[in-house]
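A short worksheet on the structure shown next.
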Amino acid sequence: DVSAPILLWLQGGPGASSMFGLFIENGPFQITKHCKIECRKYSWTKSFSMLYIDQPVGTGFSFTDDDKGYAKNLNESTDNVYNALNQFFLMFNELSRNEFYVTGESYAGKFAPALAYKIQNDINSKINLKGIAVGNAFVDPISYLDLNSLLYEMSLIDKQQRRLFEAKEMEIKELIKQEQLSEAFKKYEILFRNSCNGKSLFFNFTGYNSYYSLIHQNEECGSERLSRFLNKCYVKKQLHVGNRTYKGDVKSNFQVVTSFMKDYFLSAKEMLSVVMDNYRVMLYSGNLDIIVAPVFNNRFLNNLRWKHRDEYLKAERKIWRFGKEENIVGYIKNVANFYEVIIRNSGHMVPLDKPEAAFEMIQKFVNNQL
């Protein structure tokens, strides 16, 4: 359908490739455990025109031969994506009237509102922006530095470990307040990703290799097999990417990650509030996520200043059921053009864990039926 709404998908990170969304979460094809391609049952392309962009530069197959080409902050990466979109609609002018939504996951909680804000403030923009939809949105980083309480209440750490974990989180918060953002990021890395022995404090306490789900201790989300597939010579030839190596995740994108070090803990909440005042917005979360647990986003939203805040605080959350058996899929809180959605039994990547529910959700949101 040439008139179908266009959904731009931006992965998180920063440094995670949108090819993950395309091949692992919601694109027309998926990669099996044996690195074979098969059709996806609940592909978002069945209802929408999907556009997947690898950004910031250096992510996926995108590249620069000059260190100055790497984006160093959210503003620079937003400018790059906006320029790419303008080029896209210049080439495919017939699509410029289609409804346009910015979607994504995780750090796209900053990418998406920043891009929407950019489009809104460009009086010459011809992009028909209607809204944004982000999963487990990493909007206001300091709001998520209370994981000691979540891990303790889920019995993943004990009281003694909680005290140490909380102390480390407090150190990071203090560094953020002092605007020592690079130091804050380095301590955050030790807490959740890497330490001197190659393991994070989170791993040493919980045994979990993944902070994307309370259920899966060693979740292999598909990024490794995606890298194997996309780095095959015949695949790269078909994609016209030359001999470039696909760099799909944060671990393989050191340059991108370090370039964003000072930007990582800066909030996008002010841009989000402006977008919420002017467009349709959906923030959805898997109830089993750890790193961007929905309880933290709910707390953040309760304090966010926007024109429907008072109504939001009084709004009733409703149970969402669908399917022949009317199973409980999740919970929805709606005020004006804003939707807060919780999807049951899913973690950080909702379309991966609950593909049918995610597809139903995005269709209903775009069609104003949620």
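Annotations for the structure displayed:
- Among the residues listed as F203, F229, the single one being in a helix (DSSP H, G or I), under 14 Å from I290 (Cα atoms) and at pLDDT below 95: F203
- Qualifying position, being part of a helix (DSSP H, G or I), touching a Leu at 6+ places or on another chain (Cβ under 7 Å) and modelled with pLDDT of 95 or more, among I190, I172, I157: I172
- Residue selected from the stretch 269-295 under the condition more than 15 Å from the chain's Cα centre (by Cα) and among the hydroxyl-bearing types (S, T, Y), by the criterion farthest from V329 (Cα to Cα): S273
- Pair list, Cβ under 6 Å, 6 or more apart: the stretch 290-309 residue assigned to a loop (DSSP other than H, G, I, E, B) and at pLDDT 95 or above, other residue of a type in the set (V, I, T) and surrounded by 17 or more Cβ atoms within 10 Å (Cβ to Cβ): H308/V335
- The set of residues in the stretch 130-154 being buried (at least 20 other Cβ atoms within 10 Å of the Cβ), out of contact with any Gly (no Cβ under 7 Å at 6 or more places or on another chain) and among the hydrophobic types (A, V, I, L, M, F, W, C) consists of I132, A133, L145, L147, L151.
- Filtered by the rule that a residue be crowded, with 17+ Cβ neighbours inside 10 Å and either over 18 Å from A108 (Cβ atoms) or β-branched (V, I, T) (or both), the stretch 64-82 gives Y70, T78, V81.
- Failed item, numbered, when L85 is tested on (1) among the hydrophobic types (A, V, I, L, M, F, W, C); (2) surrounded by fewer than 20 Cβ atoms within 10 Å (Cβ to Cβ); (3) modelled with pLDDT of 95 or more: (2)
- Entirely in the stretch 315-370, the strands (runs of 3 or more DSSP E) that have 1 or more residues that are under 18 Å from the mean Cα position of the chain (by Cα) and touching a residue at least 24 places away in the same chain (Cβ under 8 Å): 338-343
- For the stretch 318-333, the set of residues classified as surrounded by 14 or more Cβ atoms within 10 Å (Cβ to Cβ) and of a type in the set (K, R) consists of K333 only.
- Scope the stretch 112-154; condition among the basic types (K, R), touching an Asp or Glu at 6+ places or on another chain (Cβ under 6 Å) and in a helix (DSSP H, G or I); matching residues: none
- All conditions in (1) surrounded by fewer than 18 Cβ atoms within 10 Å (Cβ to Cβ); (2) touching a strand residue (DSSP E or B) at 6+ places or on another chain (Cβ under 9 Å); (3) under 19 Å from L230 (Cα atoms) hold for E99, with the sole exception of (3).
- Taking each residue of the stretch 28-51 that is in the same structural domain as A358 (by TED's automatic domain parsing) and in a loop (DSSP other than H, G, I, E, B) and looking for partners that are surrounded by 12 or more Cβ atoms within 10 Å (Cβ to Cβ) and among the charged types (D, E, K, R) with beta-carbon atoms closer than 7 Å, six or more apart or interchain, yields P28/R40; K33/R225; C35/R225; C35/R228; Y42/E356.
The values are calculated or read from the model by the stated rules, or taken from the named source; none is laboratory data. Predicted model only: the values in this text are computed from it and were never measured. So basically every Cβ, Gly included, is an ideal-geometry build from the backbone, and we count neighbours across all protein chains shown.
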